[in-house]
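See structure below.
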There are 2 protein chains.
Amino acid sequence: MDAKIIDVAAKAGVSPATVSRVLNQGSSVTAKTRNKVMKAIDELNYRPNAAAKNLRLQKSLSIGVIAQDINNAYFTEIIKGIENMAYARKYKVFICDAENQAEKERDYLSLLMDRTMDGVIMITPQLSDEEIYGVVDKGYHIAVIGRNVNHPKIPCIYTDNVKFSRHVVEHLVEFGHRDIVFLSGYPEAVDSYERLEGYLKALKDNHIPFRPELVENGDFNETGGYEAIERLFAKKMTFTAVFAANDEMALGVYRACEERGIAIPEQLAVVGVDNNRISKYLTPRLSTVNQPKYTMGAIIVEKLIDQMNENQFEDKRVFTVDSELLVRASSNYHIQKKK
Amino acid sequence: MDAKIIDVAAKAGVSPATVSRVLNQGSSVTAKTRNKVMKAIDELNYRPNAAAKNLRLQKSLSIGVIAQDINNAYFTEIIKGIENMAYARKYKVFICDAENQAEKERDYLSLLMDRTMDGVIMITPQLSDEEIYGVVDKGYHIAVIGRNVNHPKIPCIYTDNVKFSRHVVEHLVEFGHRDIVFLSGYPEAVDSYERLEGYLKALKDNHIPFRPELVENGDFNETGGYEAIERLFAKKMTFTAVFAANDEMALGVYRACEERGIAIPEQLAVVGVDNNRISKYLTPRLSTVNQPKYTMGAIIVEKLIDQMNENQFEDKRVFTVDSELLVRASSNYHIQKKK
DNA sequence: AGCATATTTGAAATCGATTTCACTATTACT
DNA sequence: AGTAATAGTGAAATCGATTTCAAATATGCT
């Protein structure tokens, strides 16, 4: 159906090699032949077949992004950073939605291994470090966003989960809270346990005894957040603040509070993480932790591309970006005098 | 680097043809040889090279989705429907974010033409029908979501924009409104002008004179909605209700109202379209029009795949799905007695 | 057992591009 | 003008799979 390079060559009265030269390096071809070829290409509406090209070149100039869940704006904003920078570097970006399933992450990873894409960026806290290392050690290119991986060939960018979690808890303590719930994501995710770690450290620093019953696991989704907090309500736990591992779960807390007539922040302070765009549309506005999402995407895709092209290999590999606690109405309320 | 089929063949002591047979049809090969081959595949960690396979097979079993903007949950929910159904049919889905730029839509369309993907689903109101027809007439497979295209080879699914727009306006009229703003997206988009059409018809039906100054164009984004309504406020227009062409733009209206201290719905009723998940987190909850997004995605991807495989070609091509006006707090307020 | 038939297998062609190598046509320079 | 250097071009090999066709082997039947 489509015209092939040999058709173009025939029409222009040259060899396929010449057509290829016109299309690619651009040198070593007379203006006259170039014009003939261009004309033929135009008339036949010729596009080089991607499969043939990729096969011959052993690369596809494309990058896969495996995102945890594209319904969550946290991921889509990172992706925009990736997209735009990749575009500038002539790479195509294919977005894969893992829908929170480790199995799908693995599935998409196989697109790397069959060489559909030259490299992959993972924004997924679920697969273990070891599993990722295994793939990289076979010679494939992976970069990671949102966690620190300790492998010389994996560029990564992240914010210090422990650090900002401490900030969140300290902020809550300052506002008089001592009984602070931590709503985790699924526990095997880095984002879960590192944020928990920060929570624990802050409690310790402030000499607040840790109450394990105040830690509940969710799934990083609204529903999981709702169910987790409901479990606590059902057990008649006493607490005055909730630190949710991300904004989506905080959303679930809002819903539960609304149903139960609990006032935020007067009766319950809520803080999330991600500065998901949804957070500022809530009433009251949700306090959260901002990360430079777009930038994180843009930086890491550059590093991945550089690495794939074997430039700058000795260069920096681990990047940390600062996060910022945005204290908004959902936690901006002193429940008692500071001691 | 990667093992090739010839390596597997050598290791198993058979020919590449046999390896291929083991991997594909599964028939015509002895249990004994099959085992030898499987063992070799396993040991070498062999994956067929996608480019070689695609080239030979002249297909890639992959579908591209060109979405207007992945930061908008309307699109990501449709995409989930596409993804899951495609997965069940053994197709890979590549999501492309057009970022509201017609230029990018065209760019991604070229991935179709270089055969990177077998077919494309467009969820983008921007490119003209003619432009899409042009591509299809060259023999490529395209399906469209969210608009009715009149081409025998293009499956499409949509809700009747004119119809639900009339409902929205009628609802507002019932609640006493006569000066109703229509916030359009960019005017060349189908979603814009069809929704405008419904708005106009409803006005006419209700004998309300059309005030052209109450129609403003946005860009389907929060910012565009904000700027559009601000232009009207600046001109000191009088109106009591806003019908925004989508929820994102309604978001902008909320922001403007908040800044100006205008109470929704008492001083201004607001209705959006899409039932974007964000809409129910707003205060007051946003009235909007719901479409079965997930289902739309799932249905159309099936049709596209069927068509690509040349089954069921005479089958139904145009699908309409019902939409539903969700009257929530943002418009649930009578501003005057019904006459 | 002997022949006809069915089943397994391999050699070679093929998909559509790029690139090397060799050859020809230019251009440059003495 | 004649030779050396350079630029432009084409033939053929190559990337790694699948598939056709024919050969080899196994099976079935009298």
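The values are calculated or read from the model by the stated rules, or taken from the named source; none is laboratory data. Fair warning: this is a prediction, and the values are worked out from it, not measured in the lab. A quick note on method: Cβ atoms are made from the backbone with ideal geometry, for glycine too, and the neighbour counts reach across all protein chains shown. For the accessible areas, the whole protein counts, side chains as well, though only heavy atoms, and no ligand, DNA or RNA atoms are used. Shrake-Rupley method; radii C 1.70, N 1.55, O 1.52, S 1.80 Å.
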**OP:** Could you check A:V136 against (1) more than 14 Å from chain B (Cβ to nearest Cβ); (2) in contact with a Lys or Arg (Cβ under 9 Å, 6 or more places away or on another chain) and say which number it fails?
**Re:** (1)
**OP:** Confirm whether A:Y74 is outside any loop (DSSP other than H, G, I, E, B) and within 11 Å of chain B (Cβ to nearest Cβ).
**Re:** yes
Original post:
Give me the pairs: first residue in the range B:92-106 and at the interface with chain A (Cβ under 8 Å from one of its Cβ atoms), second residue of a type in the set (K, R), beta-carbon distance under 9 Å, and six or more apart or on different chains, which are they?
Top reply: B:F94/A:K92; B:C96/A:K92; B:C96/B:K104; B:D97/A:K80; B:D97/B:K104; B:E99/A:K80
**OP:** Go through the residues of the range B:314-326 one by one and say whether even a single one is of a type in the set (V, I, T) and assigned to a helix (DSSP H, G or I).
**Re:** no
Original post:
What number goes with the only condition from (1) in contact (Cβ under 8 Å) with a residue 24 or more places away in the chain; (2) open to solvent by 10 Å² or more (accessible area, probe 1.4 Å); (3) more than 23 Å from A:K303 (Cβ to Cβ) that A:D114 does not pass?
Top reply: (1)
Original post:
Right, B:V93: buried (at least 19 other Cβ atoms within 10 Å of the Cβ), of a type in the set (V, I, T) and either within 12 Å of DNA strand C (Cβ to nearest atom) or assigned to a loop (DSSP other than H, G, I, E, B) (or both) or not?
Top reply: no
Original post:
Going by the conditions given, is B:A51 within 30 Å of A:F75 (Cβ to Cβ), assigned to a helix (DSSP H, G or I) and within 8 Å of DNA strand D (Cβ to nearest atom)?
Top reply: yes
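With respect to A:D97, is the statement that it is more than 16 Å from DNA strand D (Cβ to nearest atom), in contact with an Asp or Glu (Cβ under 7 Å, 6 or more places away or on another chain) and not hydrophobic (A, V, I, L, M, F, W, C) true?
Spelling it out, A:D97 is indeed more than 16 Å from DNA strand D (Cβ to nearest atom), in contact with an Asp or Glu (Cβ under 7 Å, 6 or more places away or on another chain) and not hydrophobic (A, V, I, L, M, F, W, C).
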Original post:
With (1) on the phi > 0 side of the Ramachandran plot; (2) surrounded by fewer than 24 Cβ atoms within 10 Å (Cβ to Cβ); (3) among the acidic types (D, E) as the list, and B:D274 as the residue in question, which single condition is left unmet?
Top reply: (2)
**OP:** Would you check which residues across the range B:8-24 are open to solvent by less than 60 Å² (accessible area, probe 1.4 Å), within 7 Å of DNA strand D (Cβ to nearest atom) and either in contact (Cβ under 8 Å) with a residue 12 or more places away in the chain or not assigned by TED's automatic domain parsing to the domain that holds B:I41 (or both) and list them?
**Re:** B:V19, B:S20
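Yes/no matrix, rows are residues, columns are (1) surrounded by 21 or more Cβ atoms within 10 Å (Cβ to Cβ); (2) more than 8 Å from chain B (Cβ to nearest Cβ); (3) small (G, A, S):
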| residue | (1), (2), (3) |
| --- | --- |
| A:A31 | no, yes, yes |
| A:K39 | no, yes, no |
| A:E43 | no, yes, no |
| A:R47 | no, no, no |
| A:A50 | yes, no, yes |
| A:N54 | yes, no, no |
| A:K59 | no, yes, no |
| A:G64 | yes, yes, yes |
| A:A67 | yes, yes, yes |
Subject >> Members of the range B:15-37 that are closer than 23 Å to B:A51 by Cα and in contact with a helix residue (DSSP H, G or I) (Cβ under 9 Å, 6 or more places away or on another chain) >> reply: B:S15, B:P16, B:A17, B:T18, B:V19, B:S20, B:R21, B:V22, B:L23, B:G26, B:V37
Original post:
In the range B:221-245, which residues are closer than 20 Å to B:V168 by Cα and touching a strand residue (DSSP E or B) at 6+ places or on another chain (Cβ under 7 Å)?
Top reply: B:G225, B:A228, B:I229, B:F239, B:T240, B:A241, B:V242, B:F243, B:A244, B:A245
**OP:** Could you please give the count of residues in the range A:277-301 that are open to solvent by 10 Å² or more (accessible area, probe 1.4 Å), of a type in the set (G, A, S) and within 13 Å of chain B (Cβ to nearest Cβ)?
**Re:** 0
Original post:
B:D107 fails exactly one of the following numbered conditions: (1) open to solvent by less than 30 Å² (accessible area, probe 1.4 Å); (2) in a helix (DSSP H, G or I); (3) of a type outside the set (S, T, Y). What is the number of that condition?
Top reply: (1)
Original post:
Looking at the range A:170-222, which of the residues that are touching a Leu at 6+ places or on another chain (Cβ under 9 Å), without any contact (Cβ under 8 Å) to a residue 60 or more places away in the chain and aliphatic (A, V, I, L, M) is nearest to A:M237 (Cα to Cα)?
Top reply: A:L214
Original post:
Among the residues of the range A:35-67, how many are within 18 Å of A:M117 (Cβ to Cβ) and more than 16 Å from DNA strand C (Cβ to nearest atom)?
Top reply: 5
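Per-residue answers, yes or no, for (1) aromatic (F, W, Y); (2) open to solvent by 10 Å² or more (accessible area, probe 1.4 Å); (3) outside any loop (DSSP other than H, G, I, E, B):
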| residue | (1), (2), (3) |
| --- | --- |
| A:E131 | no, yes, yes |
| A:G134 | no, yes, yes |
| A:N148 | no, yes, no |
| A:I154 | no, no, no |
| A:S165 | no, no, yes |
| A:V169 | no, no, yes |
| A:R178 | no, yes, no |
| A:P187 | no, yes, no |
Original post:
Given the structure, is A:Y74 assigned by TED's automatic domain parsing to the domain that holds A:S110 and surrounded by fewer than 21 Cβ atoms within 10 Å (Cβ to Cβ)?
Top reply: no
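Given the condition out of contact with any Cys (no Cβ under 7 Å at 6 or more places or on another chain), of a type in the set (D, E) and open to solvent by less than 40 Å² (accessible area, probe 1.4 Å), answer yes or no: does some residue in the range A:251-266 qualify? Break it down stepwise before answering.
Within the range A:251-266, the subset out of contact with any Cys (no Cβ under 7 Å at 6 or more places or on another chain) is A:251-263, A:265-266.
Narrowing further to those that are of a type in the set (D, E): A:258-259, A:266.
Still in the list and also open to solvent by less than 40 Å² (accessible area, probe 1.4 Å): none.
No, the range A:251-266 has no match at all.
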Original post:
Looking at the range A:1-14, which of the residues that are among the β-branched types (V, I, T) and within 7 Å of DNA strand C (Cβ to nearest atom) is farthest from B:P48 (Cα to Cα)?
Top reply: A:I6
